[in-house]
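Asks: What follows is a single structure, and I will ask about it in a moment.
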Amino acid sequence: MAATVEEVVRNKRVILREYVSGFPKESDMFISFSPVSLKIPSNHKGVVLVKNLYLSCDPYMRLRMRNDQDPEFCPFTPGSPMTGFGVAKILDSTHHGFEEGDYVWGTTGWEEYSFIARPERLFKIRHTEVPLSYYAGILGMPGMTACAGFYEVCSPKRGEYVFVSAASSAVGQLVGQLAKLGGCYVVGSAGSSQKVQLLKERFGFDDAFNYKDEHDLEATLKRYFPEGIDIYFENVGGKMLDAVLMNMRVHGRIAMCGMISQYNLEQPQGPKNLMSLIYRRIRMEGFVVFDYCHLYSKFLDMMLPLIREERITYMEDIVEGLVNAPAALIGIFSGQSMGKKMVRVAPE
């Protein structure tokens, strides 16, 4: 049945202007409006229409703002809405697995309303006793990334020495807490004294340091890990990775989650100390969270009790309104965010 006039509304959207070189700017994105029907046409089968509630600001999105990236991270299309992880409510559905009123999380548009052609990639939210925003963070992609990288890639053992870079980030704050729960010694790095204090006092890291205050990262890590590092959860790359390689223990493991220090460089800085991988028999493995989606039920079974029992905490940095989404995304590359940065698009 054709949509009535009352079922058509203005859809606010965040549009990528052009592909980006160097450090991204708010002006690389703009707000646009287009009409959208709040009813799915009857000839569109197996799709859903959602109202977006929260949108996640994630570093990997910078990689999709350029046109020379690996197809695993396909670039955005200039002139079209950006996409990313978010939490949404189903408004209409022609897919047998979803009904009007369901809450979901997964990939959606950076806009108020989105048609999702492959909703089978969405996760239905069945536990609403926790904040819905958690599904853009601790119970969504960042939480899954932390668990997959730490448990599946690094295979931690009690008593091991763990280093986490960008440790106050959406992923890093969880890795550190999971490591502490597993009986590891944990040190994190961050970019301000306030974040260092947060790591030690709120997230329970054994120690932390402000990398901006350190002129010799290799010596710094030797000071915090005199016996070496067993596990490094890599979020930064560049000089930090080089320093870590010189401080790893024999048979150490490095989980390559991201390299935020490299995302805005025209010529990425390669590591110089790769021979350490051979000398110390270190395993360094890159991973993406999509490879571990089949473990999501197991992940929830572990994480939900930790949240309910307050054995793990999570810090969010929520910006109000889609109009502020470009500034929120840019802010994560200049160290402005404290915890998981996201945008609240609409009330729950």
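The values are calculated or read from the model by the stated rules, or taken from the named source; none is laboratory data. Here the structure is a predicted model, which means the values were calculated and not measured. A quick note on method: Cβ atoms are made from the backbone with ideal geometry, for glycine too, and the neighbour counts reach across all protein chains shown. Please note that ligands, DNA and RNA were not included when accessible areas were found on the heavy atoms of the full protein model with its side chains. Shrake-Rupley method; radii C 1.70, N 1.55, O 1.52, S 1.80 Å.
Asks: Could you give the spread of the C-alpha atoms of region 255-348 along their three principal axes, from largest to smallest, in whole angstroms?
Replies: For region 255-348, the Cα spread along each principal axis is 53, 38, 24 Å.
Asks: Next question, about the same structure. If packing is taken as the average count of other Cβ atoms within 10 Å, what order do 30-36, 328-334 fall into, highest mean first?
Replies: 328-334, 30-36
Asks: Mean 1/r over all different Cα pairs, inverted: what Kirkwood radius does the chain give, in Å?
Replies: One decimal place: 21.1 Å for the Kirkwood radius.
Asks: Here's something else I'd like to know. Can you tell which of Met302, Met315, Met246 shows the greatest fluctuation in a Gaussian network model of the chain with Cα springs below 10 Å?
Replies: In this elastic network of the chain, the residue with the biggest mean-square fluctuation among Met302, Met315, Met246 is Met302.
Asks: With Cβ to Cβ distances under 13 Å as the rule, what net charge do the other residues near Arg202 carry (K, R +1; D, E -1)?
Replies: Computed value for this residue: 0.
Asks: What percent of all Cα-Cα pairs in region 142-290 falls into each 5 Å bin, going from 0 up to the bin containing the maximum distance?
Replies: 2, 11, 21, 25, 23, 13, 4, 1, 0
Asks: Sorted by average packing, counted as other Cβ atoms within 10 angstrom per residue and highest first, what order do 237-244, 214-221 take?
Replies: Most protected by this proxy first, the peptides run 237-244, 214-221.
Asks: Taking only protein heavy atoms into account and a 1.4 Å probe, give the accessible area per residue of the chain in Å².
Replies: Counting only protein heavy atoms, the per-residue value for the chain is 46 Å².
Asks: Please report, ordered by residue number, every helix of the chain (full DSSP H runs) that is 15 Å or longer along its axis going by C-alpha atoms and whose mean Kyte-Doolittle hydropathy reaches 0.0.
Replies: Membrane-span-like by this criterion, though nothing is claimed about a membrane: 296-308.
Asks: Among the trypsin sites (Lys or Arg not before Pro) within region 242-348, which fall in a DSSP loop and have no more than 12 other Cβ atoms within 10 Å of their own Cβ?
Replies: Taking region 242-348 and a limit of 12 other Cβ atoms within 10 Å, the loop trypsin sites (Lys or Arg not before Pro) found are Lys272, Arg281, Arg311.
Asks: For the pairs Lys222/Lys272; Lys157/Lys180; Lys12/Lys51; Lys222/Lys341, flag any whose C-alpha to C-alpha distance is greater than 20 Å.
Replies: Violating the 20 Å limit, Cα to Cα: Lys222/Lys341.
Asks: Can you check what the Kirkwood hydrodynamic radius comes to for region 151-232, Cα pairs only, in Å to one decimal?
Replies: Kirkwood radius, region 151-232: 12.5 Å.
Asks: Arranged from highest to lowest average of other beta-carbon atoms within 10 Å per residue, in what order do the peptides 94-100, 149-155 appear?
Replies: Order by mean packing, descending: 149-155, 94-100.
Asks: With the chain treated as a Gaussian network of Cα nodes joined by springs under 10 Å, which of Met259, Met275, Met303 yields the largest mean-square fluctuation?
Replies: Met275
Asks: I would also like to ask the following. Would you mind telling me the share, in percent, of accessible area of the chain contributed by carbon and sulfur at probe 1.4 angstrom?
Replies: Roughly 51 percent of what the probe reaches on the chain is carbon or sulfur.
Asks: Note down the net charge around Gly258, summing +1 for each Lys or Arg and -1 for each Asp or Glu among other residues with Cβ under 11 Å from its Cβ.
Replies: -1
Asks: Okay, moving on. Compute the signed sum of charges (Lys and Arg +1, Asp and Glu -1) over the other residues within less than 12 Å, Cβ to Cβ, of Gly149.
Replies: Net of charged neighbours comes to -3.
Asks: Enter the Cα centre distance for the pair region 84-135 and region 216-294, rounded to the nearest angstrom.
Replies: If we compute the Cα centre of each part, the gap is 35 Å.
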